[in-house]
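Below is one structure, written out as structure tokens, with a few remarks after it.
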Amino acid sequence: MSAIIFDVLPIFIMILIGWLTVKIRLMKAEIGDALSEFVFKIAVPLLLFRTIANADFHGASPFRLWIAYFSGVGVTWVAAHIAATRFFGRDDRIGVLAGVSSAFANTIFIGLPLVQRTVGDKGLVPLSILIAVHLPVMMIIGTILMERAEHKIAGKKERSIAKVVRQIAHNLVKNPLVIGLAGGAAMHLLGLTMPGPVGAIIDQIAGVAGPVALISLGMALEKYGISGNAGIASVTSAFKLLLLPACVWAASHLVGLASDWTAALVLISSVPTGVNAWLIANRFGVGHSLAASTITLTTALGAISVSFWAFLLGG
């Protein structure tokens, strides 16, 4: 257990360091935004590019991995929606936000460094396969469900599924993560290797992706905080940290995933809620406090829950 704690604790200490640098005014929060841009647009795309380009998939199919993960997402999302609308009496828009907040893992800023540290580089292969579809699937589902909820409640015009998918696809084409994954896949399929100096540069930039991501996330936490909805946020946080990884763990065993792929998926699913929940709330102008409170609570409690799942997987 002590070995697991020493693996997990530094992840959250770096988030704390980022938070403290803003809290004590050592650096401005805007610097954290710039670091996040560097991570999202340069460091992580290069890490994903390198991982996929050099990956050995051992003939494994990605479909079982996607089924294992997204079946867990589906169960958790539905449970959170029911809890928000039936037990807390909120409307369908908050129900959608509760589902997003409970099921949208922070795969890039926390999941990536966590899996790399605890599972090793071999864990980055299933993580990269998941990242390839995670953002588009979650954003398409979240946007469609939110627009339907707004149509039901406020009578707003609902866009067709084709228009939603087309808009998100257009955005994804320019997404640095997608570009990095596509470039790595092309290198892998063509059997190309990077020249020594180029590989060395990519290795150095990719190597800072995890630490910088964690510190920049900590610097961003100041703008979230606990802003009401403590009751429902506690439920969504519990679903995110406990129900989602439990469902993913069970589904991974049912579909027969390899142990290291199972470990990577469960650990990814156990990390705090991603900031995309806040972005969806911002996009539709509803549920800001629920998304913010869930992000803060899951990040504050993440060290405990992630250590628990790492211990369970190690056992």
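The values are calculated or read from the model by the stated rules, or taken from the named source; none is laboratory data. Because the structure is a prediction, the values reported are computed rather than measured. Positions of Cβ are generated from backbone atoms using ideal geometry, with glycine treated the same way; all protein chains shown enter the neighbour counts. Side chains included, ligands, DNA and RNA excluded: accessible areas come from the protein's heavy atoms. Shrake-Rupley method; radii C 1.70, N 1.55, O 1.52, S 1.80 Å.
Would you mind checking which residues have amide H under 5 Å from ALA105's amide H? H placed 1.01 Å from N; only 5 or more apart, or other chain.
GLY274
For the residue pair ASN171 and THR193, what label-to-label distance in nm results when each label sits 7 Å from Cα along the Cα-to-beta-carbon direction?
Spacing of the two 7 Å Cα→Cβ label points: 4.0 nm.
In square nanometres and to one decimal, what's the mean projected area of the convex hull around the Cα atoms of the chain?
It is 16.6 nm².
What is the dipole size for the chain, taken about its Cα centre, with +1 at each Lys and Arg Cβ and -1 at each Asp and Glu Cβ, in debye to the nearest 20? Intermediate values should be presented prior to the final figure.
Numbers: 22 positive and 14 negative charges, 166 e Å.
That gives the chain a dipole magnitude of about 800 debye.
So what J values fall out for region 46-52 if you push phi through Karplus, 6.51 cos²θ - 1.76 cosθ + 1.60 with θ = phi - 60°, rounded to Hz, Gly and Pro as x?
Karplus-based 3J(HN,Hα) across region 46-52 equals 5, 5, 5, 4, 5, 5, 5 Hz.
Pick from ALA291, ALA98, ALA68 the residue whose mean-square fluctuation is largest in a GNM of the chain, springs joining Cα atoms under 10 Å.
Looking only at ALA291, ALA98, ALA68, the largest GNM fluctuation is found for ALA68.
Rank ALA300, ASN175, GLY18 by how far each Cα sits towards the positive end of the charge dipole of the chain (+1 on Lys, Arg Cβ; -1 on Asp, Glu Cβ) and give me just the farthest.
Sorting the options by dipole projection puts first ASN175.
When the solvent-accessible surface of protein heavy atoms is calculated with a 1.4 angstrom probe, in what order do PHE70, PHE88, PHE104, PHE6 fall, highest first? Mind dumping the intermediate values first?
Numbers: PHE70 45, PHE88 80, PHE104 5, PHE6 140 Å².
Greatest to least solvent exposure: PHE6, PHE88, PHE70, PHE104.
Of the peptides 181-190, 279-288, 235-244, how do they stack up when ordered by the mean number of other Cβ atoms within 10 Å, highest first?
The peptides rank, most packed first, as 235-244, 279-288, 181-190.
Pull out a ≥ b ≥ c, the square roots of the eigenvalues of the alpha-carbon gyration tensor of region 179-270, then state rounded if a/c is under 1.5, prolate if not and a/b is larger than b/c, and oblate in the remaining case.
Cα axes put region 179-270 in the oblate bin.
Which order do peptides 37-43, 216-222, 200-206, 123-129 fall in by mean Cβ count within 10 Å, highest first?
Going by the mean number of other Cβ atoms within 10 Å, highest first, we get 123-129, 216-222, 37-43, 200-206.
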